[in-house]
1. Of the heavy-atom accessible surface of region 28-110 (probe 1.4 angstrom), what whole percent is carbon and sulfur?
2. Can you compute the label reach from Thr185? Point 7 Å from Cα along the Cβ direction, backbone N cut-off under 20 Å, restricted to region 105-135.
3. In Å², and per residue, what accessible area does region 132-183 have when probed at 1.4 Å with the other protein chains present?
Amino acid sequence: MITLPGRRASVEPPAGAPSGLPAPGRFAHLHPDDGACLMEAAALLGTGRFTDSPAGTHPALAALARVVNDNVGDDARHALWPLAADLADARPAGRAYPPLLVGTVVDAARRVCPASRRLARNGRACRQRTARLADAPAGGPAARVADLLWWHGPGRRRLEQALRVLCAAPEADRLLSRLLRQAVTRAREDAGVSAARLGAGGMGEGRGLVAARQRDVRAGGGGRRTDSEADRAAP
């Protein structure tokens with residue numbers, strides 16, 4: 001886990017977020033009464049389960065959101081809290097999405113540290129994989145295994161290396177917040193394209209489920225934290 005010292009825990013739910021959510025806080029939590037990270041809030045809205053890896057969020061995007069949540073200050077975390085509803089329904093189906101997202105984070109880190117040869121290599125590798133998979137079909141078990149191995153190997157490693165650079169930047173809060181907002185917007189757009197290919201009703205159904213869960217949360221729904229299965233699934 002990438003963390004920075006000296007951050008205070010948040011104690012009040014931010015304005016603009018769906019009512020009934022736990023108070024924003026760093027790291028994972030055992031129960032909503034203790035607060036929630038951004039992904040735990042998204043899980044409550046999306047499924048009612050208390051986990052930081054909800055099935056409705058792409059694992060690569062969830063990994064980015066967790067690091068951002070844990071490393072920005074209280075004001076930035078409060079400002080990001082309304083993103084929970086969008087994160088609950090942001091899982092592009094394309095195989096090119098994970099290297100595209102990781103490459104975007106690497107590019108942001110290169111702007112902070114342009115002399116880094118490792119970041120340059122990582123950026124090239126992500127762009128090459130994105131281009132190779134841009135029009136690739138969903139594929140069978142072999143493709144899913146290959147994507148899983150990439151994400152849990154070089155993909156996650158490159159993401160974490162880039163995020164360490166961004167977390168240490170002088171304007172880390174601004175950089176990380178902007179990066180996450182842009183990533184969520186892109187994921188929602190890509191997920192909309194994926195749903196359109198599968199059928200016009202795909203995204204509408206997903207958004208309806210999130211809206212219904214928001215009503216449940218406002219009514220006091222929720223659940224105890226469970227294991228994070230989705231982050232271990234193939235991207």
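The values are calculated or read from the model by the stated rules, or taken from the named source; none is laboratory data. Model, not experiment: these values are computed from the prediction. We place every Cβ from the backbone using ideal geometry, glycine too, and count neighbours over all the protein chains shown. SASA here: full protein model, heavy atoms, side chains in, ligands and nucleic acids out. Shrake-Rupley method; radii C 1.70, N 1.55, O 1.52, S 1.80 Å.
1. With neighbouring chains kept in place, the figure for region 28-110 is 52 percent.
2. Those under the cut-off are 105-112.
3. Roughly 54 Å² per residue, with all protein chains present.
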